[in-house]
Amino acid sequence: MPNSDNPAQKSIILIGLMGAGKTTIGRKLAEMLEMPFIDSDDEVVLAAGCSIEDIFELYGETAFRDVETRVISRIMEEGPTVLATGGGAFMNERTRRTIETSGTSVWLKADLDILVARTSGRTDRPLLKDLDPRQKLQELMDQRYPVYATADITIATGNESAESTAARVYDALKSESA
């Protein structure tokens, strides 16, 4: 449970594309807020008993999104936390409603070059597998950024440290709660 000096009295949900820094920044933010940190992708893997890549390969993206939605709903019911979501989680209307009623959404907005640099060479990104990462990330930006823009707070991310970005999120939360 966050302490009374924290600007966050409910869950903080980080949204954004893969490579935006949700997990890294989320961990730092959770430390600052003295709240637990959860990565929804890790929880999906636990619930499914296999990797995200395996879920995509064996069952498809629809099955993954279904498990993801249920996992996020469960996490939101468990009390205040800092939650890093998968890039597509906020695209699901049911998940978006759960987030809107249970917490504060924070969009970590990164430009294409940053996302390409941060995801290059990673083999655990099923949506980038066997595709041109730059092209796919641009398509995802075109589809998702208009929906991400409905988040409560938007923080532009770049090459600054995770600590610096987490501090900016903290300050934005403080301003919003004032």
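Within region 77-92, residues that are among the hydroxyl-bearing types (Ser, Thr, Tyr) have Cβ atoms under 9 Å from residues that are in a loop (DSSP other than H, G, I, E, B) in these pairs: THR81/MET35; THR81/PRO36; THR85/GLY16, counting only partners at least 6 apart in sequence or on another chain.
In the list THR62, THR69, THR24, which residue meets the criterion of being in contact with a Lys or Arg (Cβ under 8 Å, 6 or more places away or on another chain) and on the phi < 0 side of the Ramachandran plot? First the steps, then the outcome.
Details: THR62 fails: in contact with a Lys or Arg (Cβ under 8 Å, 6 or more places away or on another chain); THR24 fails: in contact with a Lys or Arg (Cβ under 8 Å, 6 or more places away or on another chain).
Matching residue, one of THR62, THR69, THR24: THR69.
Among what's in region 116-162 and is in contact with a strand residue (DSSP E or B) (Cβ under 8 Å, 6 or more places away or on another chain), farther than 15 Å from SER105 by Cα and not β-branched (Val, Ile, Thr), pick the residue that is modelled with the lowest pLDDT. It comes out as ARG118.
Look through GLY60, GLY49, GLY26 and report the one residue that is among the small types (Gly, Ala, Ser), within 30 Å of ASP171 (Cα to Cα) and out of contact with any His (no Cβ under 9 Å at 6 or more places or on another chain).
GLY26
Which one of ALA172, ALA156, ALA151, ALA167 is small (Gly, Ala, Ser), more than 17 Å from ILE38 (Cα to Cα), touching a residue at least 60 places away in the same chain (Cβ under 8 Å) and not in a helix (DSSP H, G or I)?
Details: ALA172 fails: not in a helix (DSSP H, G or I); ALA156 fails: touching a residue at least 60 places away in the same chain (Cβ under 8 Å); ALA167 fails: not in a helix (DSSP H, G or I).
On inspection, the qualifying residue turns out to be ALA151.
Out of the residues in region 1-41 meeting the condition of being crowded, with 21+ Cβ neighbours inside 10 Å, assigned to a loop (DSSP other than H, G, I, E, B) and of a type in the set (A, V, I, L, M, F, W, C), tell me which one is modelled with the lowest pLDDT. Per the stated criteria, the residue is ALA8. PRO80 falls short on exactly one of the conditions (1) assigned to a helix (DSSP H, G or I); (2) modelled with pLDDT under 95, and that condition is (1).
Taking the conditions exactly as written (under 22 Å from GLN9 (Cα atoms) and of a type in the set (Gly, Ala, Ser)), does SER120 satisfy them or not?
Working: under 22 Å from GLN9 (Cα atoms): no; of a type in the set (Gly, Ala, Ser): yes.
Taking the combined requirement at face value, the residue does not satisfy it.
Right, ALA63: assigned to a helix (DSSP H, G or I), small (Gly, Ala, Ser) and without any contact (Cβ under 8 Å) to a residue 12 or more places away in the chain or not?
Numbers: assigned to a helix (DSSP H, G or I): yes; small (Gly, Ala, Ser): yes; without any contact (Cβ under 8 Å) to a residue 12 or more places away in the chain: yes.
So ALA63 passes the test.
Inspection of region 50-73 finds no residue satisfying the criterion of being small (Gly, Ala, Ser) and crowded, with 17+ Cβ neighbours inside 10 Å.
The values are calculated or read from the model by the stated rules, or taken from the named source; none is laboratory data. Remember, predicted model here, so these are calculated numbers, not experimental data. So basically every Cβ, Gly included, is an ideal-geometry build from the backbone, and we count neighbours across all protein chains shown.
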